[in-house]
Amino acid sequence: MKKDRIETRCVQGGYTPGNGEPRQIPIIQSTTFKYATSEDMGKLFDLEAEGYFYTRLQNPTNDMVAAKICALEGGTAAMLTSSGQAASFYSVFNIAGCGDHVVASSTIYGGTYNLFAVTMKRMGIEFTFVDPDCTAEELDAAFQPNTKAVFGETIANPALIVLDIEKFAKAAHAHGVPLIIDNTFATPVNCRPFEWGADIVTHSTTKYMDGHGAGVGGCIVDSGNFDWMAHADKFPGLTTPDDSYHGVVYAERFGQGGAFITKATAQLMRDFGSIQSPQNAFLLNMGLESLHVRMQRHCENAQKVAEFLDAHEKVSWVNYAGLPGNKYYELAQKYMPNGTCGVISFGVAGGREAASTVMKNLKVAAIETHVADARTCCLHPASATHRQMNDEELEAAGVSPDLIRYSCGIENADDLIEDLDQALRAI
Ligand SMILES: *Cc1c(COP(=O)(O)O)cnc(C)c1O
């Protein structure tokens, strides 16, 4: 059979009902599962049989939705997590521990940066942060003998920098480690990092995938392309016996395509329990069914809004990779020819105070600590998330005092533009 296309996978992927079964995915609202004999259950605990026994580790509803995202990314295995933060944490901690080292792009999401630079550092994992625009030589120099992974974001939130995925994949593979890509902002509709050499993809499904501001969630997908056994000495957790599961060797028992996700489920989900609720997984699936339609509209609206802002006399600069002349326009054309995302950042003449005036006067766009929602939302970091910083500190953090982050929803673009125009006139 011919392989189906991404739009069809959004709508139908992950679940195919049998005769007389529910058309919509069932919400298996159960913490536990019944077995006839202790031997039956024992096989599950030994990872010898497939099945469910406790929703802290796995739930059928979650697995259906994970299978859809897996199909969208073109991977071999996937799991849902309770949040994007949990997905980022598991994706790295699954292969790096105390005494190990990871190379990461310096412009990753602030929450991920904090997780790596503060919390995981306390666990004994060292991170080297590299400028995503660095040369191949500079990237190469960041690696150490104990490096276990490379981490970056397709489109950085909120810097909107487009990552040269092939450059990062080449460097990771030259050093025998996988490339992990947070694909939250692009979504698999606009970019599939596995096609460019990435090995593991993570998502905050809270953003475009859910798309309606309904549920926090995350996802990890494995491409199945990384050969753990070829670098067995670097990844003993996958290539030597796991004593907590009767000596199973994940890379042998579950193969190249299944080892990573099985280990993350069996060990990390078991011990940390960052499972997504089946209810939230159901809502996430509803969002995924229209992801391809929404992404197209998010991008169309953002392109129109960015062009409008770019031509506006009260606007001093606009950052959107869809604008010719943007530093990342060429990279965006290469990796995301159908569009990047709906998030724009721009600055207004008059700095912090003028930005605050614009925000106050917006009526269609709502002030929120959120992005990638069907409803347009915006944030002025200098008066919200970064309000304790003075202008010099803001510049050092890469957030100028006049910066407004504007996340285009799927409303009518003319309404967004008219709203922005009247707010800018109020300066
Ligand atoms: C929001 C976000 C995260 C964190 O996800 P949560 O679901 O909020 O935990 C990670 N990466 C990116 C790019 C994000 O935008």
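Helix-only estimate, please: 222 nm mean residue ellipticity of the chain, summing -39500 (n - 2.57) across DSSP H runs of length 4 or more and dividing by its residues, to the nearest 500.
Computed mean residue ellipticity for the chain: -9500 deg cm²/dmol.
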- Treating the angle as unsigned and between 0 and 90°, give the value, to the nearest 10°, between the Cα long axis of helix 413-425 and the longest Cα principal axis of the chain. 50
- Item | Surface share of carbon and sulfur [accessible, 1.4 angstrom probe, percent] for the chain | 51
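Local charge sum around residue 386 (other residues, Cβ-Cβ under 14 Å, Lys/Arg +1, Asp/Glu -1)? Write out the running numbers ahead of the final one.
Working: positive: 352, 387, 405; negative: 391, 392, 393, 395, 402.
After counting each charged neighbour, the total is -2.
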- Message: Could you check the spin-label model distance between residue 37 and residue 16? Points 7 Å from the Cα along Cα→Cβ, value in nm.
- Response: 3.2
- Note on the structure: Nearest 10, in degrees from 0 to 90: the angle of helix 60-73 to the longest Cα principal axis of the chain is 60
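Show 83, 316 ordered by accessible area, largest first, where the area counts protein heavy atoms only and the probe is 1.4 Å. Spell out each step's value before the answer.
Details: 83 25, 316 70 Å².
Of 83, 316, the descending order of accessible area is 316, 83.
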- Item | Assigned charges on the beta-carbon of Lys, Arg, Asp, Glu; the chain dipole about Cα centre (debye) | 780
- Say the dipole of the chain comes from +1 at the beta carbon of Lys and Arg and -1 at that of Asp and Glu; which of 407, 291, 128 then lies farthest toward its positive end? 291
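Tell me, what does the Kirkwood hydrodynamic radius of the stretch 1-43 come to in angstroms if you use every pair of distinct C-alpha atoms? If you can, show how the numbers build up before the last one.
Values: mean 1/r = 0.0718 Å⁻¹.
For the stretch 1-43, the Kirkwood estimate is 13.9 Å.
When the gyration tensor of the stretch 22-131 is built from Cα positions, what are the square roots of 5 times its three eigenvalues, in whole Å, from largest to smallest? Don't jump to the answer; show the numbers that get you there.
Numbers: eigenvalues 227, 68, 29 Å².
Whole-Å semi-axes of the equivalent ellipsoid: 34, 18, 12.
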- Any idea what diffusion coefficient the stretch 95-154 gets from Stokes-Einstein, in µm²/s, Kirkwood Rh on alpha carbon pairs, 37 °C, 0.692 mPa s? 282
- Task: Mind telling me which of 205, 128, 32 comes out most flexible in a GNM of the chain, alpha-carbon contacts under 10 Å?
- Result: 32
- What relative contact order, as a whole-number percentage, does the stretch 296-427 give when Cα pairs under 8 Å and 6 or more residues apart are counted? 30
- Task: Go ahead and set up a Gaussian network model of the chain, Cα springs under 10 Å, then flag whichever of 197, 218, 351 fluctuates most.
- Result: 351
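Nothing charged except the Cβ atoms of Lys and Arg (+1) and of Asp and Glu (-1): what's the magnitude of the dipole of the stretch 292-424 about its Cα centre? Round to the nearest 20 debye.
360
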- Note on the structure: Surrounding charge for residue 400, neighbours by C-beta under 15 angstrom, Lys/Arg +1, Asp/Glu -1, total -3
- With the cut-off at 25 Å, report for the stretch 230-343 the share of all Cα pairs above it, as a whole percent. 56
- Query: residue 4: accessible area at probe 1.4 Å, nearest 10 Å²?
  - Reply: 70
- Pseudo-spin-label distance residue 361 to residue 327, built 7 Å along Cα→Cβ, given in nm, is 3.0
- Cα centroid separation, the stretch 286-349 to the stretch 111-170 (Å): 24
- Task: Quick one: pull the percentage of alpha-carbon pairs in the stretch 365-417 with a separation above 16 Å.
- Result: 45
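What is the mean projected area of the alpha carbon convex hull for the chain, to one decimal in square nanometres? Let's see the in-between values first.
Values: hull surface 87.2 nm².
Here the figure is 21.8 nm², rounded to one decimal.
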- Note the per residue figure in Å³ for the convex hull of the C-alpha positions in the stretch 292-424. 101
- May I ask for the angle, rounded to the nearest 10°, between helix 278-289 and the longest principal axis of the chain, with both axes built from Cα atoms and the value confined to 0 to 90°? 60
- Query: Got a number for the accessible area of residue 41? Probe 1.4 Å, square angstrom, nearest 10.
  - Reply: 60
- Note on the structure: Working note, the stretch 327-383: Cα radius of gyration (Å, one decimal) and Dmax (Å, whole number) are 14.0, 38
- Item | Ranking by accessible area, most exposed first, for 427, 275 with a 1.4 Å probe | 427, 275
- Item | Heavy-atom accessible area per residue - the chain, 1.4 Å, Å² | 42
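Top to bottom by accessible area (1.4 Å), largest first, where do 310, 182 land? Provide the component values of the computation, followed by the final result.
Numbers: 310 95, 182 15 Å².
From most exposed to least exposed: 310, 182.
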- Item | Coordinate range along principal axes, alpha carbons of the stretch 117-265, Å, largest first | 44, 41, 33
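Rounded to whole Å and sorted largest first, what semi-axes of the equivalent ellipsoid does the C-alpha gyration tensor of the stretch 196-248 yield via the square root of 5 times each eigenvalue? If you can, show how the numbers build up before the last one.
Numbers: eigenvalues 200, 53, 8 Å².
Each semi-axis is √(5λ); the values are 32, 16, 6 Å.
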- Message: Beyond a 21 Å Cα-Cα separation, which of these cross-linked pairs lie in this structure: 148/170; 170/263; 207/263; 121/148; 207/327; 170/334?
- Response: 170/263; 207/263; 207/327
- Among the lysines, which have Cα under 17 Å from the Cα of residue 360 when same-chain residues fewer than 8 positions away are ignored? 314
- Task: Mind grabbing the accessible area of residue 54 for me, 1.4 Å probe, Å², rounded to tens?
- Result: 100
- Before anything else, pin down the relative contact order of the chain: Cα pairs under 8 Å, at least 6 apart, normalised by residue count, whole percent. 15
- Once the other residues with Cβ under 14 Å from the Cβ of residue 84 are scored (Lys, Arg +1; Asp, Glu -1), what is the net sum? -2
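The values are calculated or read from the model by the stated rules, or taken from the named source; none is laboratory data. Not measured: the values here are computed from a predicted model. Don't worry about glycine lacking a Cβ; one is built from the backbone with ideal geometry, like all the others, and counts go over all protein chains shown. The area values use the complete protein model at the heavy-atom level, side chains included, leaving out ligands, DNA and RNA. Shrake-Rupley method; radii C 1.70, N 1.55, O 1.52, S 1.80 Å.
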